[in-house]
Every structure is written in C-alpha cells, then in structure tokens.
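See below for the structure under consideration.
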Amino acid sequence: MTPRVLFLFAVTAALWGASYLFMKVALDDDVSEGFILCLRTTLGACILVPLAIRADALRPVLQRKGWLVLLASMQVLVPFTLIVVGENWIDSGLTGILISAAPIFLALMAPHIDRDERSTGLALVGIAVGMAGVVLLLVADLGGVGGHAVLGGLLVLGAAAVYAGAPLLFKLQFGGVQPVGALAATMVLAAIVFLPAAVVTFPTHNLETTTWLSLLVLGVGGTGISFLFFYELINTIGPARASVVAYIAPLFSVLYGVVLLSEAFTIWTASGMALILGGSWLAASRRSKVVVAD
C-alpha cells in the first residue's frame with residue numbers, strides 16, 4: 001500500500017472507532033439522542049452535499065426516490081438511532097465490537113436476497129464463530145451487568161443487522177450511482193427527519209467544551225470525512241481490501257473507551273471481540289461488497 005492509502009486507512013478506522021466515544025461523551029453530558037442524531041447528520045451532509053453536487057451525483061439518486069427513503073432508513077435513520085439509544089446502557093468500546101458483527105448478518109440474509117452473495121465453506125464457519133462471540137458477550141459480559149445492558153447490546157446488534165442490508169439494497173437498486181451522491185442524499189433526508197426531535201430536546205444547559213468538540217468531530221469526521229475516505233479506499237484498492245477497516249475500527253473504539261473513559265475490558269470482552277472479528281472476517285471473505293458502518 002502507498003503512504004496515501006495507509007493514511008486513508010488509518011484515519012478512517014480511527015474516526016469510525018471514535019464515533020462511539022463521541023456519542024458517549026455527549027450522552028454523559030445529558031445531550032438528547034435526537035439532538036445528537038440531527039447535528040451529526042447535518043454536519044455530515046455539509047461535507048458530502050457539495051462534493052456530490054460537484055460530481056453531479058445527486059440527479060441519478062433522486063430518480064429513485066422510493067428506494068432512497070429505504071436506503072436512508074437502513075444506512076442512517078434506523079441504525080444511528082439504535083446505536084445512540086443503546087449506548088445509554090453499554091460502553092462505547094463494546095458498541096464498536098457489536099457493530100462489527102454486521103458482515104455476519106449480511107451472510108445470513110444474503111442467500112434470500114442475492115444468491116451471488118451466498119456463503120459457502122469457511123464463510124459458513126465464520127457465521128457460527130461470530131454468533132458464538134455475540135452470545136458470549138450478551139450472556140457472560142452484559143448478562144452480569146443487568147437487563148438494561150443486555151437491552152443496549154441487543155439494540156446495537158439490531159443496528160448491525162440493519163446496516164447489513166444496506167449494501168445489498170445499494171447493489172440491487174442503485175447500480176451506476178456514485179456512492180457520494182447516495183450518501184449525501186441519505187444524510188440530508190436523515191437530518192430533516194431528526195430535526196423535530198432536536199428542536200424539542202434542544203439542550204437547556206451549558207454544554208461542556210469537550211461535548212461540543214465531540215459532536216463536531218462526530219459529524220464532520222466520523223460521519224462526513226470517514227465515509228468519503230472509505231469510498232476513496234474502495235476506488236483505490238478495491239472493496240475486499242478496503243473492508244478490512246471494519247475490523248480495525250473496533251480496536252480503536254475499545255482503546256478509546258479504556259484509556260479516555262476508563263471503561264472496563266474483561267476477559268469475556270476480549271474473547272467475544274476475537275470471535276466476532278474473526279467470524280466477520282471469515283463471513284465476508286468471499287464477498288465483494290462491504291458493509292458501511294459507524
């Protein structure tokens with residue numbers, strides 16, 4: 001890999017891994033989920049829309065309005081919401097680990113949607129290994145914390161499952177569309193949907209400086225720039241090699257959580273992470289498409 005590719009790779013993984021930390025910081029300062037979601041998608045749209053306009057990438061997307069709504073729901077509206085709600089009860093590092101299970105869900109649903117994406121051989125082993133890691137985390141790690149923690153973990157797993165369907169939908173219904181156009185349109189639509197919740201729950205107290213900085217970096221970096229860099233990687237080194245970033249990002253999320261938020265890292269967390277990441281890698285090993293997650 002060239003120095004430029006390594007730079008894009010490292011920054012994308014670091015930003016994706018940090019997204020869960022930034023959300024956790026905002027939640028701990030009593031910022032509402034609606035405000036976080038609206039600001040995040042608005043800032044992301046501010047980065048993506050000008051680039052989509054310059055590339056004339058919006059017109060083909062807007063010709064698929066019905067599918068665009070579904071794509072926005074699967075890529076942003078539903079998973080972003082489930083993640084930020086789930087993080088009320090689980091650590092940011094664990095959130096990153098559970099989200100990395102998305103390729104496992106993709107492998108499970110692909111045969112019923114697109115037979116070209118069906119799993120065989122080691123990919124099937126990967127599904128079993130990854131699901132074992134999920135069960136281990138839910139039972140051994142979160143189960144000892146309490147019911148709310150298990151609920152939070154299930155919500156994040158739900159986000160991973162919804163994320164998994166997004167690339168299948170994009171492949172089947174958005175052929176020939178530039179990704180930046182689809183991403184920009186989905187961010188704008190999501191920001192509009194989240195706006196009422198943000199207005200109703202607008203912060204009435206003075207937020208910490210670190211909270212504002214976290215929200216800024218979450219929107220600009222973790223939502224806008226990271227998506228751009230990721231698709232640049234796809235164009236440069238191909239989707240298979242670019243997808244490795246999805247397995248490195250959770251390592252960043254765990255590191256940030258332990259070092260900056262003093263989150264616990266147990267033997268069960270380490271074991272579950274190893275099983276999920278290994279299973280996800282095997283499950284995605286025969287696939288040309290990747291799951292875009294944050």
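The values are calculated or read from the model by the stated rules, or taken from the named source; none is laboratory data. Model, not experiment: these values are computed from the prediction. In this analysis, Cβ positions are derived from the backbone assuming ideal geometry, glycine residues included, and neighbour counts consider all displayed protein chains.
Tell me which of these ALA149 doesn't satisfy, since it passes every other one: (1) at pLDDT below 95; (2) crowded, with 16+ Cβ neighbours inside 10 Å; (3) assigned to a helix (DSSP H, G or I); (4) out of contact with any Asp or Glu (no Cβ under 9 Å at 6 or more places or on another chain).
Failing condition for ALA149: (4).
For residues that are touching a Pro at 6+ places or on another chain (Cβ under 8 Å) and farther than 13 Å from LEU138 by Cβ, tally how many sit in segment 94-107.
So in segment 94-107, the residues touching a Pro at 6+ places or on another chain (Cβ under 8 Å) come out as 96-97, 99-100, 106.
Imposing the further condition that a residue be farther than 13 Å from LEU138 by Cβ reduces the set to 96, 99-100, 106.
Count: 4.
Among the residues of segment 12-64, which ones are in a helix (DSSP H, G or I), touching a residue at least 40 places away in the same chain (Cβ under 8 Å) and acidic (Asp, Glu)?
Correct list: GLU33 only.
Of everything in segment 1-11, what is modelled with pLDDT of 90 or more and not in a helix (DSSP H, G or I)? Give them in sequence order.
Hits for segment 1-11: nothing passes.
Considering only segment 163-179, state which residues are crowded, with 23+ Cβ neighbours inside 10 Å and either aliphatic (A, V, I, L, M) or under 16 Å from ILE47 (Cα atoms) (or both).
ALA164, ALA166
Search segment 253-272 for residues that are closer than 18 Å to TYR20 by Cα and pair each with any residue that is at pLDDT 90 or above and among the aromatic types (Phe, Trp, Tyr) when their beta-carbon atoms are under 6 Å apart and the residues are at least 6 apart or on different chains.
From segment 253-272, the pairs are SER253/TYR20.
Can you tell me how many residues within segment 216-248 are modelled with pLDDT of 75 or more, polar (S, T, N, Q) and crowded, with 17+ Cβ neighbours inside 10 Å?
Of the residues in segment 216-248, 2 are modelled with pLDDT of 75 or more, polar (S, T, N, Q) and crowded, with 17+ Cβ neighbours inside 10 Å.
Residue check: is GLY221 in a helix (DSSP H, G or I), touching a residue at least 24 places away in the same chain (Cβ under 8 Å) and within 20 Å of GLY44 (Cα to Cα)?
Values: in a helix (DSSP H, G or I): yes; touching a residue at least 24 places away in the same chain (Cβ under 8 Å): yes; within 20 Å of GLY44 (Cα to Cα): yes.
Considered against the rule, which asks whether it is in a helix (DSSP H, G or I), touching a residue at least 24 places away in the same chain (Cβ under 8 Å) and within 20 Å of GLY44 (Cα to Cα), GLY221 comes out as yes.
Can you go through PHE202, PHE194, PHE227 and tell me which one is outside any helix (DSSP H, G or I) and of a type outside the set (S, T, N, Q)? Break it down into steps so the answer makes sense when it comes.
On the way: PHE194 fails: outside any helix (DSSP H, G or I); PHE227 fails: outside any helix (DSSP H, G or I).
One residue alone meets the criteria, PHE202.
Return the residue satisfying two criteria in turn: it lies in segment 205-215 and is part of a loop (DSSP other than H, G, I, E, B) and surrounded by fewer than 15 Cβ atoms within 10 Å (Cβ to Cβ), and of such residues it is nearest to the chain's Cα centre (by Cα).
The initial filter retains those residues of segment 205-215 that are part of a loop (DSSP other than H, G, I, E, B), namely 205-208.
Now restrict to residues that are surrounded by fewer than 15 Cβ atoms within 10 Å (Cβ to Cβ): 205-206, 208.
Details: HIS205: 29, ASN206: 29, GLU208: 25 Å.
For segment 205-215, the residue satisfying everything is GLU208.
Pull up segment 89-146, narrow it to residues that are under 15 Å from THR266 (Cα atoms) and outside any helix (DSSP H, G or I), then point me to the one that is modelled with the lowest pLDDT.
GLY144
State yes or no: is GLY17 at pLDDT below 95 and within 16 Å of the chain's Cα centre (by Cα)?
Working: at pLDDT below 95: yes; within 16 Å of the chain's Cα centre (by Cα): yes.
Answer is yes for this residue.
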